[in-house]
1. Which of the residues belonging to region 57-71 are exposed (fewer than 15 other Cβ atoms within 10 Å of the Cβ) and either closer than 19 Å to residue 30 by Cβ or without any contact (Cβ under 8 Å) to a residue 12 or more places away in the chain (or both)?
2. In region 32-75, which strands (runs of 3 or more DSSP E) lie fully inside it and hold 3 or more residues that are touching a strand residue (DSSP E or B) at 6+ places or on another chain (Cβ under 6 Å) and over 19 Å from residue 87 (Cβ atoms)?
3. Restricting to region 76-93, count the residues that are on the phi < 0 side of the Ramachandran plot and either modelled with pLDDT under 95 or outside any strand (DSSP E or B) (or both).
4. Mind listing just one residue for me: the one in region 94-107 that is in contact (Cβ under 8 Å) with a residue 60 or more places away in the chain and part of a loop (DSSP other than H, G, I, E, B) and, of those, nearest to residue 44 (Cα to Cα)?
């Protein structure tokens, strides 16, 4: 029984850094558009509460911004890009990188995006 308690404590300990890790800050952006073409840029996440935030991207000559929310190791953002509305969902990785999939309302397809913390 003691072995199981130690194993459970270790497993719980390994999950804590992801849940406790702050996502606020500056990021390098690497992504792909719907057609697979690459893009890059920068992003900033500004925490507004324990679970919500503002996010802003600058990629090539394009700017977008919106609101975001964290839930455990998931992170989602709704954003406005010109006249279009989009959604991106990220998985928070143990190293702080955010691996995402995004789309724009009314369009077919999805793009990928990785936010890499700037330290």
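1. If the condition is that a residue be exposed (fewer than 15 other Cβ atoms within 10 Å of the Cβ) and either closer than 19 Å to residue 30 by Cβ or without any contact (Cβ under 8 Å) to a residue 12 or more places away in the chain (or both), then 58, 60, 61, 62, 63 are the ones that fit.
2. Values: elements: 38-47, 52-59, 62-71.
Passing ranges, in order: 38-47.
3. Of region 76-93, the ones on the phi < 0 side of the Ramachandran plot are 76-81, 83-93.
Still in the list and also either modelled with pLDDT under 95 or outside any strand (DSSP E or B) (or both): 81, 83, 93.
Number satisfying all stated conditions: 3.
4. 96
The values are calculated or read from the model by the stated rules, or taken from the named source; none is laboratory data. Here the structure is a predicted model, which is why all the values come from computation and not from measurement. Note that each Cβ is placed from the backbone with ideal geometry, even for glycine, and that neighbours are counted across all protein chains shown.
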